[in-house]
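Novice: This structure is in structure tokens; I'll ask about it shortly.
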Amino acid sequence: MVSRIRSARQPAGRRTCPDARRLAYATFAGAMTLAQASSLEPGALRAQVTSKGGTTERALAAMEAGAVKAKIVAAVKAAAQRAGELGDAFGAER
């Protein structure tokens, strides 16, 4: 996700953009700091900090339109399945 945000914020034709990197890192660092300090569940926290008509709301709408949530769920399930397969293979070697 960080690399995707960084790529999206880079001007066309430029390989690197220090501001894009800092923005991507700050976005995730801020979100994690807030989540770790809160007793709220992530969805409730997101609802609490998302301003109507703001940038986060717009970004979430774009991701929903692109079925990003479903793709993330599928990716996590695929990784979990693979982890189980690797665990089984590693256990069989012992």
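The values are calculated or read from the model by the stated rules, or taken from the named source; none is laboratory data. Quantities reported herein were computed from a predicted structural model and do not represent experimental measurements. When we count neighbours, we look across all protein chains shown, and the Cβ atoms used for this are built from the backbone with ideal geometry, even at glycine.
Novice: Across the stretch 1-57, which residue is modelled with the highest pLDDT among those that are basic (K, R) and farther than 18 Å from K69 by Cβ?
Specialist: Taking the candidates together, the pick is K52.
Novice: Given the criteria at pLDDT 95 or above and in a helix (DSSP H, G or I), does A78 qualify? Don't jump to the end; show me each part of the working.
Specialist: Values: at pLDDT 95 or above: yes; in a helix (DSSP H, G or I): yes.
Considered against the rule, which asks whether it is at pLDDT 95 or above and in a helix (DSSP H, G or I), A78 comes out as yes.
Novice: Moving on to the next point. Would you confirm, using the coordinates I've provided, whether A62 is at pLDDT 75 or above and either assigned to a loop (DSSP other than H, G, I, E, B) or over 16 Å from the mean Cα position of the chain (by Cα) (or both)? Before you say what the answer is, go through the steps one by one.
Specialist: Working: at pLDDT 75 or above: yes; either assigned to a loop (DSSP other than H, G, I, E, B) or over 16 Å from the mean Cα position of the chain (by Cα) (or both): no.
No: the conditions fail for A62.
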